[in-house]
Structures are given as structure tokens and as C-alpha cells.
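Below is one structure, written out as C-alpha cells; comments come after it.
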Amino acid sequence: MVGKKNFKELLGQVKAFAFDVDGVFTDGTIIIHPSGELLRTSNTRDGYAVHVAIERGFPVAIISGGKSEAVRQRFQGLGVTDIYLGTTDKVEALEDFRFKYGLKLSDILYMGDDLPDFEVLQRVGIPTCPRDAAPEIQQISAYISTFVGGKGCVRDVIEQVLRVNGKWGHSANGLQ
């Protein structure tokens with residue numbers, strides 16, 4: 001849990017990211033296709049930031065109650081290997097991710113937007129949320145992005161962490 005450090009000071013301790021999907025990578029809107037498939041839109045800049053974080057050595061987990069294979073494919077295409085879909089216990093998924101990489105809870109930045117994320121946010125070192133997150137989530141977050149879900153909030157937190165660690169931009173580690 002967040003101690004006496006401010007958000008900018010906490011950024012240097014981040015070693016991994018974990019994210020909810022709906023309301024974080026998306027604006028929370030789901031379009032129901034006539035086939036029954038649930039369609040979502042996401043921001044390409046958020047996806048780019050996830051890809052860069054992984055390339056720079058930061059493990060990234062997706063922890064969602066949703067079960068969409070399209071969501072799995074999207075994140076696999078970005079290089080995410082730790083994808084927990086259909087998750088009824090997000091804390092259990094977080095613990096699995098943490099142990100896989102030998103992380104402490106204080107090493108993890110998690111972004112969630114609604115009550116299913118509450119317990120996870122209370123456990124991680126850096127709890128964050130989009131600007132339009134539920135009030136209960138905003139109250140326990142160390143940082144509320146200036147961006148709403150699906151409109152750049154993921155890029156916002158990843159870019160800040162990578163900048164603090166000297167790993168953002170075209171010259172960091174030679175990534176163009």
C-alpha cells in the first residue's frame with residue numbers, strides 16, 4: 001500500500017504493470033454484434049505503450065473478468081504473455097503474476113476503474129485509475145490519470161514510469 005511517498009517518487013519503484021481491461025483500455029462501452037460477439041474499442045497509443053514497456057523489460061499483466069478471445073488476441077499481439085481473462089478473483093491472478101516474476105506487491109502498478117478492482121488496488125504498491133473511475137476507486141488510488149478509460153490513461157502511467165527510469169523515447173535502448 002502507498003506510504004508517505006508521493007506518486008512521482010513511487011514511479012521509480014515500479015517493476016511491473018497490471019491492468020483491468022473494460023473501463024481502462026476501453027471507455028467501458030460494449031457493442032453487441034448481431035452474432036452475439038461483444039465488441040470494444042481501444043486506443044492505439046495505450047497499446048504502443050504496453051509494447052514499449054514489455055520491450056524495456058517490464059512484465060505486464062492483463063486481469064479482467066471479461067472472457068473475450070479478441071481481447072486475448074489483442075494483448076498477445078502486443079507481446080503480453082500474462083493474460084488472465086474470466087477472472088472472478090483478481091487478487092489470485094495478481095498473486096500468480098507476482099510470484100511468476102518474483103515481485104513484491106510494492107513493485108506493481110495496477111490500474112483499475114471499478115469495484116471489481118478494489119481489492120487488487122488496495123494491495124499493490126501503486127494503485128492508479130482513469131479520470132472517470134468509480135468514486136470508491138479514485139479514493140484509494142495514488143494517482144488518477146488526467147485521461148479517461150480508453151483514451152490514453154494506460155499510456156499516461158506507463159510513459160511516466162518509463163520516463164522516470166530513463167526508458168522512454170526513441171533513444172532509450174535504441175528503440176525507434
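The values are calculated or read from the model by the stated rules, or taken from the named source; none is laboratory data. Not measured: the values here are computed from a predicted model. No Cβ is skipped: glycine too gets one built from the backbone with ideal geometry, and neighbour counts run over all protein chains shown. Please note that ligands, DNA and RNA were not included when accessible areas were found on the heavy atoms of the full protein model with its side chains. Shrake-Rupley method; radii C 1.70, N 1.55, O 1.52, S 1.80 Å.
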| request: Quick one: which helices (runs of 4 or more DSSP H) lie wholly within segment 64-124 and hold at least 2 residues that are at pLDDT below 95 and open to solvent by less than 70 Å² (accessible area, probe 1.4 Å)? | output: 69-77
| note | Only unsatisfied item for I140, checking (1) β-branched (V, I, T); (2) crowded, with 24+ Cβ neighbours inside 10 Å; (3) touching a Leu at 6+ places or on another chain (Cβ under 9 Å), is (2)
| task | Output yes when any residue across segment 151-165 is in contact (Cβ under 8 Å) with a residue 60 or more places away in the chain, open to solvent by less than 20 Å² (accessible area, probe 1.4 Å), touching a strand residue (DSSP E or B) at 6+ places or on another chain (Cβ under 9 Å) and more than 20 Å from S42 (Cα to Cα), and no when none is. | result | yes
| field | Number of the condition not met by E9 [criteria: (1) buried (at least 16 other Cβ atoms within 10 Å of the Cβ); (2) closer than 20 Å to V154 by Cα] | value | (1)
| Are any of the residues in segment 41-56 in contact with a Ser or Thr (Cβ under 9 Å, 6 or more places away or on another chain), open to solvent by 70 Å² or more (accessible area, probe 1.4 Å) and either of a type outside the set (G, A, S) or over 16 Å from V24 (Cβ atoms) (or both)? | yes
